[in-house]
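**Q** Before I ask anything, here is the structure I am working with.
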Amino acid sequence: MFPNSILGRPPFTPNHQQHNNFFTLSPSLYSHQQLIDAQFNFQNTDLSRAVSLQQLTYGNVSPVQTSTSPLFRGRKRLSDEKNLPLDGKRQRFHSPHQEPTIVNHIVPLSGERRYSMPPLFHTHYVPDIVRGVPPFREIPFLEPREITLPEAKDKLSQQILELFEACQQQVSDLKKKELCRTELQREIQLMFPQSRLFLVGSSLNGFGTRSSDGDLCLVVKEEPVNQKTEARHILTLVHKHFCTRLSGYIERPQLIRAKVPIVKFRDKVSCVEFDLNVNNIVGIRNTFLLRTYAYLENRVRPLVLVIKKWASHHEINDASRGTLSSYSLVLMVLHYLQTLPEPILPSIQKIYPESFSPAIQLHLVHQAPCNVPPYLSKNESNLGDLLLGFLKYYATEFDWNSQMISVREAKAIPRPDGIEWRNKYICVEEPFDGTNTARAVHEKQKFDMIKDQFLKSWHRLKNKRDLNSILPLRTAVLKR
């Protein structure tokens, strides 16, 4: 993302030998009150006085480098980059113009005794002098797992495979995002030295395309934060840092208020759009759950990609406009493959509960896919038949009124009675926290549009057996 000549560092060289140690995490010590104080300090500090931190060391590893001199001296943000439209009901906030970066005062210095925060969902707190905090080190690059693609003996299956091979995310695409993550983590650690930045979502879960945006999760502590207060405070600081220090390399940074607030921005070098959230830890866990499913059976990834392209073409794949998110669509495909008379996928959370427990510490989550061998299904259906079956299942078989899609249970289960599920037309269970991932579909008109598209596409594809009848391939490939 950032030119190495400016950074004064050697080029990024991913470690191809250590991909099984993909993530490590040092939990941080930021309390809610400290984060409020940090924002106050950031806005009210005497800017003529530089603030510096002592070097923090973690075990035998090199200290985190902090500095009072700016790494970047980019141009000011152009005025026409400030007023960009946003979808849905989200609101945008802009920080004031150029201000020097102030290192967060409230971070403990190296001379103080430090304890790790209790891991997410753990019931017992054990100081790190007993359990040991994983060492702070750079994350080795995760190479995609090699997998043999299925055979395609009919025209429709061949079309699906060709679309997949043309549009699937390439290693080079992932490297660009990983380089951006690495450089942004170094910048953010000037404010929050013990934080970690995770690449999550479709970029890493095996279902990405060449045009997939990048999703980033900033973890400041390994326990939940209040998204309305703490997360917004942190993102305010991050947004201001992007606007003042990185305007030459990041464009259109926008602070967006939503249920999970984010900072949206574009990397000028790679031209990748990113969304950055704070401590949405379930997103890290479900990234590796989906990655396991993606490589469990060789028909899963091509089928998911063609369905995402189909849904996008028919404008039913945009949660900000009241339709289905890509995450919900992926869960719907996995659920369909789990519920066939001869299943193609099992529930891996049931078979390997210890590998996908929500109590697993974040620095161990990446190991879960390595513990699950490929699944051998007796179902020999080709990709074309599976696509037809998917459309038919949701057009004519699934009971939207009373059932909920559950990948965790590998079956359709009765809708809960909770308030989150009332007046919702589509219910898709999040596998870890049990929330409704399809809650954006709250208008009957949008729900009817989704159902109608399933039905029309099923009829067209059944009659033509040609993917172009429901998804123009030339257009889909050009969009990648």
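**Q** Per the 1.4 Å probe, what fraction of the accessible area of segment 155-478, in percent, lies on carbon and sulfur atoms?
**A** 49 percent
**Q** Mind jotting down the distance between the C-alpha centroids of segment 213-258 and segment 148-179, whole Å?
**A** Using only Cα atoms to place each centre, the spacing works out to 32 Å.
**Q** Now, a different point. Accessible area per residue of segment 155-478 at 1.4 Å probe, in Å²?
**A** On a per-residue basis, segment 155-478 sits at 35 Å².
**Q** Restricting things to Cα coordinates, could you compute the convex hull volume per residue of segment 247-329 in Å³?
**A** Hull volume over Cα atoms, normalised by residue count, gives 130 Å³.
**Q** Taking every pair of alpha-carbon atoms in segment 155-478, what share in percent sits in each 10 Å bin, from 0 to the bin with the longest distance?
**A** Reading upward from the zero bin: 5, 25, 34, 25, 9, 1.
**Q** Distance in nm between label sites at Q403 and K464, each 7 Å beyond Cα in the beta-carbon direction?
**A** Roughly 2.8 nm, to one decimal.
**Q** Quick one: which residues, 5+ away or cross-chain, put their amide H under 5 Å from the amide H of G214? H built at 1.01 Å from N.
**A** E273, F274, D275
**Q** Another question, if that's okay. Which links in K392/K451; K308/K464; K155/K464; K424/K446 stretch past 18 Å when you go from one Cα to the other?
**A** As for pairs spanning more than 18 Å Cα to Cα, those are K308/K464.
**Q** At a probe size of 1.4 Å, how large is the accessible area of R196, to the nearest 10 Å²?
**A** Counting only protein heavy atoms, R196 exposes about 0 Å² to solvent.
**Q** For segment 401-406, take each phi angle, set θ = phi - 60°, evaluate the Karplus expression 6.51 cos²θ - 1.76 cosθ + 1.60, and give the result in whole Hz per residue in order, putting x for glycine and proline.
**A** Each residue of segment 401-406 in turn: 6, 10, 10, 10, 7, 10 Hz.
**Q** Could you please report the charge total around N401, scoring K, R as +1 and D, E as -1 over all other residues with beta-carbon less than 15 angstrom from its beta-carbon?
**A** +1
**Q** Tabulate in residue order the Karplus-calculated ³J(HN,Hα) for segment 310-325, using 6.51 cos²θ - 1.76 cosθ + 1.60 with θ = phi - 60°, rounded to whole Hz; enter x for Gly and Pro.
**A** Listing the rounded values in order: 4, 5, 5, 4, 9, 6, 10, 10, 7, 4, 5, 10, x, 10, 8, 6 Hz.
**Q** Once you place label points 7 Å from the Cα toward the Cβ at W421 and Q170, how far apart are they in nm?
**A** Output for this residue pair reads 4.5 nm.
**Q** Using a cut-off of 10 Å between beta-carbons, work out the net charge of the residues near S347 (Lys and Arg +1, Asp and Glu -1, S347 not included).
**A** Here the count lands on +2.
**Q** How much of the DSSP bridge set in segment 155-478 is antiparallel, in percent, rounded to the nearest 5?
**A** Roughly 75 percent of the DSSP beta bridges within segment 155-478 come out antiparallel.
**Q** Let me ask another. So what's segment 305-383 giving for Cα Rg divided by 2.2 N^0.38 Å, two decimals?
**A** That ratio works out to 1.35.
**Q** For T435, which sequence-distant residues (separation of 5 or more, or a different chain) have an amide H within less than 5 Å of its own amide H, given hydrogens modelled in the peptide plane?
**A** When sequence neighbours closer than 5 places are left aside, the close amide H contacts are E430.
**Q** Could I have the simple spin-label model distance between N379 and D448, label points 7 Å from Cα toward Cβ, reported in nm to one decimal?
**A** 3.2 nm
**Q** Enumerate the lysines that K177 could reach by cross-link, defined here as Cα to Cα under 16 Å, with residues fewer than 8 away along the same chain left out.
**A** Once the sequence-local lysines are set aside, what remains near K177 is K264, K268.
**Q** A further question on this structure: List the lysines whose Cα lies under 22 Å from the Cα of K350, skipping any in the same chain that are fewer than 8 positions away.
**A** K378, K411
The values are calculated or read from the model by the stated rules, or taken from the named source; none is laboratory data. A quick note: this is a predicted structure, and the numbers were derived from the prediction, not measured. Counting neighbours? That spans all protein chains shown, and the Cβs are built from the backbone with ideal geometry, glycine included. Side chains included, ligands, DNA and RNA excluded: accessible areas come from the protein's heavy atoms. Shrake-Rupley method; radii C 1.70, N 1.55, O 1.52, S 1.80 Å.
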